[in-house]
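Here is the structure we will look at, set down as structure tokens.
The values are calculated or read from the model by the stated rules, or taken from the named source; none is laboratory data. Please read these numbers as outputs of a predicted model, since none were measured by experiment. So basically every Cβ, Gly included, is an ideal-geometry build from the backbone, and we count neighbours across all protein chains shown. Surface areas here come from the heavy atoms of the whole protein model, side chains and all, with no ligands, DNA or RNA. Shrake-Rupley method; radii C 1.70, N 1.55, O 1.52, S 1.80 Å.
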Amino acid sequence: MADLWQHAMDHAVAAARRAGEVVREALLDDRKVTTKSSSVDLVTQTDQKVEQLIIQSVKEKFPTHRFIGEESVAAGEPCVLTDSPTWIIDPIDGTTNFVHAFPFVAVSIGFSVDKQVEFGVVYSCLEDKMFTARRGKGSFCNGEPLQVSDQEDIKQSIIATEFGSNRDPEAVDKIFSSLRNILCIPVHGVRGAGSAAINMCLVASGCVEAYYEIGIHVWDVAAGSLIVSEAGGVLMDVEGVAVDLMSRRIVAANRRTIAERIVKEIDSFSPPRDDAPSPLKQ
Ligand code: IPD
């Protein structure tokens, strides 16, 4: 049977590659920063320009499809996942990295139908790595198949996480308490690329055993979630239940036992959901 969404996926790969060119050029001379929900929640004209480029190109080809885009939501568009074909776009995942020229920046495009991610595309533009996954068909980086790490022992693992942009002292305490618990398992190390999408691609590539974070958004992880699961990994919520992409909490790991061990150590909390009514969320 013909793959219904292959055409859309091909379009997403081409759009991500074009977006990556714009990001690379802007990195050299155009990084004017403004802020969104707080002084550390950054946005640049490039984020907005790239999101519009992707949305316009998709609208021309697929006029009935819907969108959830980071910058459109920041501008007041609804963030609601329906059963309709929906493009979930983060034009620059790693905006803080981009602003500081820290070299991990990704364009992330997930595509969901019936609330299920059908394909994911993450283009790590400065590394020129195109990560792709199609549901049921595996994950790839620049066309080469990906496989999560086969490590069974968390004590021999590297775990990725981020501090995010929430500076509420209670949330920061919980983030540090989880980090302390995980470091003291002990694990080999803790890392963070500064981009949720790239962290998830690192899990899919087998470079780190797991990634967890509280505070991410659906556009940061929609594409990466499929890239992890199609590379043989598992996803769950930070309390061990099924992952909910709108809940802003995620654990992605090479295997269930490692994900469950991380869950045991996380001091969890619940930021406002992405589909909650308020347009600006930390
Ligand atoms: C952020 C990055 C960062 C993560 C934040 C995200 P943005 O996305 O993925 O690594 O810690 O939670 O919001 O704002 O650069 O698209």
Selection from Gly76, Pro186, Phe98, by position along the positive dipole direction of the range 50-192 (Cβ): Pro186
For the range 199-282, size of Cβ-based charge dipole, Lys and Arg +1, Asp and Glu -1, in debye: 60 debye
Backbone HN-Hα couplings from phi across the range 21-26 [Karplus 6.51/-1.76/1.60, Hz, Gly and Pro as x]: 5, 4, 4, 4, 5, 5
³J(HN,Hα) computed for each position of the range 181-196 - Karplus, 6.51 cos²θ - 1.76 cosθ + 1.60, integer Hz, glycine/proline x: 4, 6, 4, 7, 3, x, 9, 4, x, 10, 9, x, 7, x, 8, 4
Surface per residue (accessible, 1.4 Å probe) for the chain, Å²: 44 Å²
Distant-in-sequence amide H partners of Leu126 (H built 1.01 Å from N, under 5 Å): Val105
Relative contact order, percent, the chain [alpha-carbon distance under 8 Å, six or more residues apart]: 18 percent
Gyration tensor (alpha-carbon) shape descriptor, the range 120-267, a/c threshold 1.5: prolate
Amide H contacts under 5 Å for Arg66, placed H, 5+ residues apart: Thr86, Trp87
Net charge, Gly194 excluded, C-beta distance under 12 Å - Lys, Arg +1, Asp, Glu -1: -3
Estimated 222 nm signal from helices in the chain, with DSSP H stretches of n ≥ 4 weighted -39500 (n - 2.57), rounded to 500: -11000 deg cm²/dmol
Neighbourhood net charge (11 Å Cβ-Cβ; Lys/Arg +1, Asp/Glu -1) for Asp128: +1
At R0 = 22 Å, FRET efficiency that the Cβ-Cβ distance of Cys184 and Gln147 yields, to 0.05: 0.15
In the range 1-100, the trypsin sites (Lys or Arg not before Pro) that fall in loop regions by DSSP, at most 12 other Cβ within 10 Å: Lys32
10 Å binning of all Cα-Cα separations within the range 134-188, expressed as whole percents from 0 upward: 18, 30, 28, 22, 1
The range 27-175, dipole about Cα centre (Lys/Arg Cβ +1, Asp/Glu Cβ -1), debye to the nearest 20: 360 debye
The chain, accessible surface, carbon-and-sulfur percent (1.4 angstrom probe): 52 percent
Within a Gaussian network of the chain (alpha carbon springs, distance under 10 Å), most fluctuating of Ser139, Ser195, Ser84: Ser84
Peptide ranges 90-101, 209-220, 169-180 listed from the most packed, as the mean C-beta count within 10 angstrom indicates: 209-220, 90-101, 169-180
Globularity index of the chain, i.e. its alpha-carbon radius of gyration over 2.2 N^0.38 Å: 0.93
